[in-house]
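One structure is given below, encoded as structure tokens.
Computed from the coordinates by the stated procedures, all read-outs in this text should not be read as laboratory data. What you see is a predicted model; the values in this text were computed from it and never measured. Positions of Cβ are backbone-derived with ideal geometry, glycine not excepted, and every protein chain shown enters the neighbour counts.
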Amino acid sequence: MLCDDEIGDNIIGVLFAAQDTTATVMTWVVKYLHNEPKLLECVKAEQKAIHKENDGKLQLSWNQTRNMPITNKVVLESMRMASIISFPFREAVADVEYK
């Protein structure tokens, strides 16, 4: 269990580091898509379909941003695979035995 000071330090760290988190996630997304060309083609097809549906307008509606299942999964998997926070160090406070 974290003490109040540790919780506060983590919150401040995330708030001040937040300007870099989007750039970091995008960097990992680009790297992973580069390594998976078939997945990249799926994301491109999804985005082209949304662009066409939107009559070529760049501004998206909230519903359109919620209706990007492939893109959303790529972003979530990128965040799972590569932590965007540089200090998620955890230490066990007690030994646990599992059956």
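Quick notes
- Residue-count net charge about Glu46 - beta-carbon cut-off 12 Å; Lys, Arg +1, Asp, Glu -1: +2
- Prolate/oblate/rounded label for the chain (Cα gyration tensor, a/c 1.5): prolate
- The stretch between Arg80 and Ile11 holds 22.9 nm of extra length on full extension. This uses 0.36 nm per residue minus the Cα-Cα distance.
- Per-peptide average of other Cβ atoms within 10 Å, ordering 44-50, 60-66 highest first: 44-50, 60-66
- Structure-based [θ]222 nm, the chain - -39500 (n - 2.57) summed over DSSP H runs of at least 4, per residue, nearest 500: -22500 deg cm²/dmol
- Placing unit charges on the Cβ atoms only, positive for Lys and Arg and negative for Asp and Glu, gives the chain a dipole magnitude near 800 debye about its Cα centre.
- Least to most buried among Met68, Met81 (fewest other Cβ within 10 Å first): Met81, Met68
- Between Ile50 and Val96, residue separation times 0.36 nm minus the direct Cα-Cα distance comes to 11.6 nm.
- Under-19-angstrom lysine pairs by C-alpha in the chain, whenever the two are 8 or more apart or on separate chains: 9
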